[in-house]
Amino acid sequence: MINKQRILLMEDEEHLLEAIKLNLEMEGFFVRAVTDGKKALKVFKEEKFNLIILDVMVPEIDGFQVAETIRLENSEVPIMFLTAKNTSEDRITGLKKGADDYLTKPFNLEELILRVNNLIKRSMKGDELKELNSYKIGDKTIYFNSYELKNEDGTITPLTKKETMLLKLLIERKNEAVSREQILETVWNYDVYPSTRTIDNFILTFRKYFEPDQKNPIYFHSIRGVGYKFTDAG
C-alpha cells in the first residue's frame, strides 16, 4: 500500500476548511486540519508533513509567523499561503517568509488541487536531488556544495553562488519550463529584480560551459515568453 502524502491545513473559516479538506482527501491526501497558528505549530512539531497550507489571517499566531517558525526548523517542506491579501507587497512578504506558493481568495478549488500536486511533485524531486551533491552534464560535473565545475581534463572552473543556485533549480525541474518569476523567487529571493537580459546572460554562460555547439543548444534553452528549460537525456 502506498503511503498517503500528508498535508497540514490551517484555515479559520470552518466552511472553507471543510471544503478544502474534503477535496484534498478525495484526491487521496491525508489532511490534518487546524484553525489557528498555535495548533498548527503544535501539530507540525508532532507529525511529519509533505506540504503546509496556511491561511494568513488566523487567531493566536498568523500564517506569516507560523511559516517563519516552520522555516527555522525545516527549510525543505513546501509552504503555500491562502489569503485575501492580494497586493504585490503582500505576495513578496509571503515569499520572503519562506512560502513556495501564494493563492489569493476567492480561489477555484480545482486550481488549489493543481498547485498542491505541483508542489508535492516538485518536493519529491527535490528529495531525490538532495541526496546528490553533484550532477554530470556531458563530460563535466557540477559540485553544488563547493560551487565548482570539474572539466573532463580534471581542471576546476569556480561557479558563483547564483550560477550554482540557478543550475540546481533548472536541473531539479529537468525537462520543464521554469518561469522568470520562479527564478526570481528561488535564486534572487526578490532582493533585486534582474532584467530578462541578466538571466539570459547566465544561460549564455551555461552554454559556454556545457554545450558542444552554443548556437544549437541541447541542454539549456530559452522559452520565448515563458522562461528557461534544462533538458538532459541522461
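Within segment 61-71, is even one residue more than 17 Å from Asp12 (Cα to Cα) and of a type outside the set (D, E, K, R)?
There is at least one residue in segment 61-71 that is more than 17 Å from Asp12 (Cα to Cα) and of a type outside the set (D, E, K, R).
Each row is one residue, and each column tells you yes or no for (1) in a helix (DSSP H, G or I); (2) in contact with a Ser or Thr (Cβ under 8 Å, 6 or more places away or on another chain).
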| residue | (1), (2) |
| --- | --- |
| Asn23 | yes, no |
| Lys38 | yes, no |
| Leu54 | no, no |
| Val58 | no, yes |
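Which of (1) in contact (Cβ under 8 Å) with a residue 24 or more places away in the chain; (2) within 23 Å of the chain's Cα centre (by Cα); (3) surrounded by 14 or more Cβ atoms within 10 Å (Cβ to Cβ) does Lys39 not meet, given it meets every other one?
The single condition Lys39 does not satisfy is (2).
Quick one: which strands (runs of 3 or more DSSP E) lie wholly within segment 113-227 and hold at least 1 residues that are touching a strand residue (DSSP E or B) at 6+ places or on another chain (Cβ under 7 Å) and modelled with pLDDT of 90 or more?
Working: elements: 134-137, 140-143, 148-150, 156-158, 177-179, 220-223.
Those strands (runs of 3 or more DSSP E) span 134-137, 140-143, 148-150, 156-158, 220-223.
Could you list all residues from segment 88-122 that are open to solvent by less than 60 Å² (accessible area, probe 1.4 Å) and of a type in the set (Ser, Thr, Tyr)?
Thr93, Tyr102, Thr104
Somewhere in segment 93-111, is a residue among the β-branched types (Val, Ile, Thr) and under 24 Å from Lys4 (Cβ atoms)?
Checked against the condition, which is being among the β-branched types (Val, Ile, Thr) and under 24 Å from Lys4 (Cβ atoms), segment 93-111 yields no hits at all.
Does Lys48 count as part of a loop (DSSP other than H, G, I, E, B), basic (Lys, Arg) and either more than 21 Å from Met124 (Cβ to Cβ) or at pLDDT 95 or above (or both)?
In short, no.
Residues of segment 42-68 being under 20 Å from Tyr102 (Cα atoms) and open to solvent by 70 Å² or more (accessible area, probe 1.4 Å), which ones?
Met57, Gln65, Glu68
The values are calculated or read from the model by the stated rules, or taken from the named source; none is laboratory data. Computed from a predicted structure; not experimentally measured. Here the Cβ is made from the backbone with ideal geometry for all residues, glycine too, and neighbour counts use every protein chain on show. These accessible areas exclude ligands, DNA and RNA; they are computed on the full protein's heavy atoms, side chains included. Shrake-Rupley method; radii C 1.70, N 1.55, O 1.52, S 1.80 Å.
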